[in-house]
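Have a look at the structure below before the remarks.
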Amino acid sequence: MSKINFDDKLYNILNGNEKLLQFFINNGFDQLKNEKMLKTMGKMVSLNMALKVRGINKSAFEEKLDLFLNDEHTSVDKSLEEEKEITGDVIVKGVLPCPLKIPILEAFDKFVEEEKTKGINIGYELKSANLGVDWIENDINSGDIDKVSDIMISAGFELFFDKEKFGKFFEEEKFYIENKKMNKDFDNEEICLRDPKNIYNIVGVVPCVFLVNENNLNGKEVPTSWENLLFSGDYTDSVAIPLADLDMFNALVVTIYSKWGVEGIKALARVYKKSLHPAEMVKKKGDSKNNPIVSITPYFFTQMVSRSSALKVVWPKDGSIISPIFVMAKKDNEKAQKVVEFFRDENVGKLLSSNGKFPTTIFGVDNMLDENFKFMFCGWDYIHNNDIVKVMKESEKIFNEEILK
């Protein structure tokens with residue numbers, strides 16, 4: 001467990017610890033970017049109180065905090081060390097979903113050594129998604145394309161979609177990835193994850209499904225779709241939403257806003273009960289009457305559900321909302337384009353998929369999913385014609401205002 005006292009004031013916990021402050025900012029306390037906020041409100045508000053005000057589940061936050069403080073994977077994760085200059089013919093930076101980071105890093109280490117014998121030096125840093133993307137944004141904020149990594153990887157919509165930061169690079173066509181054929185799960189009549197502008201490449205996704213506590217239905221039907229969950233009126237104040245998982249929460253609001261607009265975000269706020277971490281609900285097996293009826297959760301967490309528990313896994317009929325794993329590469333670096341192929345190789349695809357827990361787009365990989373499982377994606381027209389960062393900020397504002405009513 002962490003050694004931090006949750007009853008202590010935020011200022012006492014964070015003052016002088018830049019890395020810990022950045023962790024808080026990346027995990028729900030974005031207002032702490034304002035130094036004055038930490039020096040004023042931070043001296044009056046305890047961490048426990050701040051978590052309640054922000055609607056962040058304490059158990060979920062504490063779990064992430066423990067991982068950050070204890071740095072369980074020090075042999076491969078340099079996230080908590082002092083930043084060092086990365087050099088090479090190709091520079092790779094990015095974030096990956098936590099369960100995928102270690103196996104992909106191990107495979108990438110071998111690839112890097114093999115490429116070195118061929119005369120290509122690759123410098124890289126890949127971190128867990130829960131540590132945020134600010135360390136990559138610093139390069140982008142410079143406005144100098146030479147300071148931006150040759151290849152960037154992002155789990156979710158946070159990094160690549162701020163037009164104020166990336167707009168100049170897009171106008172100058174600095175990024176390009178040829179989108180090759182994808183497997184049938186993501187290239188069919190209902191969905192296509194190939195970017196028609198060849199700017200982004202999606203190598204895999206984190207699907208979002210329902211975990212239903214059948215003990216707490218009290219005569220209600222099991223929700224079978226997002227439409228049903230949000231607009232039937234049966235699940236008001238009954239749904240756990242992953243507020244602490246920024247990648248997934250942002251994917252939810254972007255997709256829901258793209259499909260149902262403001263009314264969709266308001267509906268999401270109305271069904272919100274509390275931010276229960278998926279692992280916490282699985283551990284409790286749905287036994288507690290205080291648990292929500294439904295927990296919106298990444299699909300991989302459902303693999304831990306016991307058959308004897310009261311929890312029922314529901315893949316929405318109108319499609320699982322997905323948080324994509326994006327890759328971008330500089331157009332003018334031929335060696336970078338070669339390294340991109342590592343992340344689109346069938347063997348890496350199998351690591352990504354893990355039998356469907358993180359379904360991959362890579363052709364030749366069977367995600368072992370039911371043929372009736374569909375996906376819900378905001379669509380490339382929506383991405384290219386909207387400022388996604390503004391959509392996320394506006395959606396969060398609407399959501400927060402609605403839950404305070």
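Couple of notes before you dig in:
- Top-ranked residue of the stretch 303-338 - restricted to ones that are out of contact with any Phe, Trp or Tyr (no Cβ under 9 Å at 6 or more places or on another chain) and in a helix (DSSP H, G or I), ranked as surrounded by the fewest Cβ atoms within 10 Å (Cβ to Cβ): Glu334
- Considering the stretch 93-128, and only residues there that are out of contact with any Cys (no Cβ under 8 Å at 6 or more places or on another chain) and small (Gly, Ala, Ser), the residue that is farthest from Ile325 (Cα to Cα) turns out to be Gly119.
- Scoring Glu113 on the criteria (1) part of a helix (DSSP H, G or I); (2) touching a residue at least 60 places away in the same chain (Cβ under 8 Å) leaves a single failure, condition (2).
- Here is the figure for the stretch 142-152: residues that are open to solvent by less than 40 Å² (accessible area, probe 1.4 Å) and part of a loop (DSSP other than H, G, I, E, B) total 4.
- Identity of the residue in the stretch 113-141, more than 22 Å from Lys165 (Cα to Cα), open to solvent by less than 50 Å² (accessible area, probe 1.4 Å) and at pLDDT 90 or above, that ends up nearest to the chain's Cα centre (by Cα): Gly123
- Residue count for the stretch 81-112, restricted to those that are surrounded by 15 or more Cβ atoms within 10 Å (Cβ to Cβ) and within 19 Å of Asp332 (Cβ to Cβ): 6.
- Evaluated against (1) acidic (Asp, Glu); (2) part of a helix (DSSP H, G or I); (3) crowded, with 17+ Cβ neighbours inside 10 Å; (4) modelled with pLDDT under 80, Asp66 falls short on exactly one condition, (3).
- Each residue in the stretch 16-32 was checked for being touching a residue at least 24 places away in the same chain (Cβ under 8 Å) and part of a loop (DSSP other than H, G, I, E, B), and 3 pass.
- Checking the stretch 191-214 against the condition returns a match, with at least one residue being more than 20 Å from Lys374 (Cα to Cα) and among the aromatic types (Phe, Trp, Tyr).
The values are calculated or read from the model by the stated rules, or taken from the named source; none is laboratory data. Because the structure is a prediction, the values reported are computed rather than measured. Neighbour counts run over all protein chains shown; Cβ positions are idealised from the backbone, glycine included. SASA here: full protein model, heavy atoms, side chains in, ligands and nucleic acids out. Shrake-Rupley method; radii C 1.70, N 1.55, O 1.52, S 1.80 Å.
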